[in-house]
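In what follows, a single structure is set out as structure tokens and then discussed.
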Amino acid sequence: MPGTEVCRAIRTKTPEAGLVGVTSYALASFHDEAARCGAQALVGKTDLNGIALAIRNAAQGLSTNELVLGDEGSGNSLSFMDAATAYAVLEDTSYAHRGALSGKERDTLRMYADGSTTKEIAERLGISVATVATFERRALAKLGARSRAHAISICVKRHEI
């Protein structure tokens with residue numbers, strides 16, 4: 001798996017980790033992709049001072065100014081973001097690509113949030129217990145949630161339920 005995809009996988013899970021890309025290739029080649037994937041900096045592997053600075057900043061969740069790392073004049077259009085901002089951006093982007101919840105998926109999560117059991121939800125919606133489970137599973141996948149509680153939390157934050 002490419003380093004940028006590792007970065008994206010970590011960033012979509014947490015805003016807590018600072019991420020620094022280190023490469024032996026030209027920084028301009030990977031700059032925008034590293035920024036898109038949630039890194040706080042991209043540094044050449046021979047730039048020991050730049051690596052130290054980027055790691056210190058990333059440990060605090062901060063981005064590192066590309067000009068300090070010798071990336072001036074590269075023509076890159078994206079700036080590195082702090083970890084919390086990168087996490088929020090990737091969470092929103094990831095959600096948008098997976099699609100919005102259907103009415104039934106939203107209703108299912110709302111009823112779970114209200115304390116209903118799977119059987120009660122099935123009865124209220126006039127569907128089988130297996131179909132309720134399908135709505136829940138699809139909602140979790142679309143939201144990128146790790147659990148029912150996490151999915152409900154995401155929906156509450158977004159005012160969807």
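Partner lysines whose Cα lies under 16 Å from the Cα of K104, excluding those fewer than 8 positions away in the same chain, are identified as K119, K142.
Considering only L42, L143, L125, give the residue with the highest GNM mean-square fluctuation for the chain, with springs between Cα atoms whenever their separation is below 10 Å. Result for the chain, Cα springs under 10 Å: L125 fluctuates most. GNM on the chain, alpha-carbon springs under 10 angstrom: the most fluctuating residue among D47, D32, D114 is D114. Cysteine residues of the chain whose Cβ has no partner cysteine Cβ closer than 4.7 Å: C155. Averaged over its residues, the chain has an accessible area of 55 Å² per residue, based on protein heavy atoms and a 1.4 Å probe.
The values are calculated or read from the model by the stated rules, or taken from the named source; none is laboratory data. Since the model is a prediction, treat every value here as computed from it, not as a measurement. Ideal geometry is used to build each Cβ from the backbone, glycine not excepted, and the neighbour counts take in all protein chains shown. SASA here: full protein model, heavy atoms, side chains in, ligands and nucleic acids out. Shrake-Rupley method; radii C 1.70, N 1.55, O 1.52, S 1.80 Å.
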